[in-house]
1. Go through Ala19, Ala85, Ala15, Ala35 for me and flag whichever is of a type outside the set (Val, Ile, Thr) and at pLDDT 75 or above.
2. Residues Arg185, Arg129, Arg150: which one is open to solvent by 80 Å² or more (accessible area, probe 1.4 Å), more than 17 Å from the chain's Cα centre (by Cα) and modelled with pLDDT under 90?
3. Could you check the range 192-203 and list, in sequence order, the residues that are touching a residue at least 24 places away in the same chain (Cβ under 8 Å) and open to solvent by 100 Å² or more (accessible area, probe 1.4 Å)?
4. Taking the residues in the range 63-82 that are assigned to a helix (DSSP H, G or I) and modelled with pLDDT under 70 as candidates, determine which candidate is least open to solvent (accessible area, probe 1.4 Å).
5. Report, by residue number, each residue of the range 27-36 that is open to solvent by less than 70 Å² (accessible area, probe 1.4 Å) and either polar (S, T, N, Q) or closer than 12 Å to Val53 by Cβ (or both).
6. Can you pull out the residues in the range 172-182 that are open to solvent by 50 Å² or more (accessible area, probe 1.4 Å) and in contact (Cβ under 8 Å) with a residue 40 or more places away in the chain?
7. Name the residue, out of Ala169, Ala206, that is more than 28 Å from the chain's Cα centre (by Cα), within 27 Å of Arg146 (Cβ to Cβ) and surrounded by 12 or more Cβ atoms within 10 Å (Cβ to Cβ).
Amino acid sequence: MRPTPTQPEEAQEEAEPTASSPWPTGRRFAERTRAKHATIHALLAAGHSKRSVARQLGMTLNTILRFSRATTPEEMFIGQWQSRATRLDDYKPYLDQRWQEGCTNAWKLWEEIKGHPRGYASVRDYVSRTLRGKPQPVGPRPPSARAVTRWILTHPDALPEGDRLHLKAALANCPELTALAEHVRSFAHMLTHLQGDRLPEWIEAASATAELPSLPHFAQHLLRDLDAVTAGLTLSWNSGVVEGHVNRIKMLKRQMFGRAGFELLRKRVLLA
């Protein structure tokens, strides 16, 4: 139910130069390469020969030549192992898209591309090395299941305006919740207006809801004691008072568990 946030055009334009560098800032290999490149070019600019620089830095002449030909440190990264083609390349656009949609669990991403032959480790490495460094769009936090349940079970006229808008957005993002809310509200209307004669009609409609397996299961259980449920939805009498006394007795029992005895009874009688 998390809505997909829209990225501003400026952020996308700024991200393109960063993607051109295969080794971003913070990688130890990249930092060492940049430091060597700066040192070699500084010595060459000071008038040292390439052989002299090689002796001073303890490098081979071929290494000094490669660094001297590179105008920027990023040119040294081309041809490294990270730019080689891998079997994961076909899945990387999908992984990038799912990362931007908010899925940051490497195991879940691997399960979504089970056709990948290299296994979970390659997906985990790609997520940790590449995707973790990319900025993830910050979107609104999706509502919790408890909050959505409260919104659906509350009478629409009693919902605050903010909760009403949140519920509308949640129902728009999840068609199954829309069907569930309709069944819940029809059952609540039948309960509050004592229309038990409409119960078979509601059970038939709920049993036909294939996208909500728990709802037909609940409806089938109502058929096991249809007469009692119909009476509860039709008659004005209820066992609320009796249930209240039962709950009070159970609470007292839990409070006194393990302490009942003659001494406690004697103390209660004396205090009374």
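1. On inspection, the qualifying residue turns out to be Ala35.
2. Unique residue meeting the criteria: Arg129.
3. Passing the criteria: only Asp197.
4. If we take residues in the range 63-82 being assigned to a helix (DSSP H, G or I) and modelled with pLDDT under 70, then Gln82 is least open to solvent (accessible area, probe 1.4 Å).
5. Thr33
6. Asn173
7. Unique residue meeting the criteria: Ala206.
The values are calculated or read from the model by the stated rules, or taken from the named source; none is laboratory data. Keep in mind the model is a prediction, meaning the values are calculated, not measured. Glycine gets a Cβ as well: all are built from the backbone with ideal geometry, and neighbour counts include every protein chain shown. Side chains included, ligands, DNA and RNA excluded: accessible areas come from the protein's heavy atoms. Shrake-Rupley method; radii C 1.70, N 1.55, O 1.52, S 1.80 Å.
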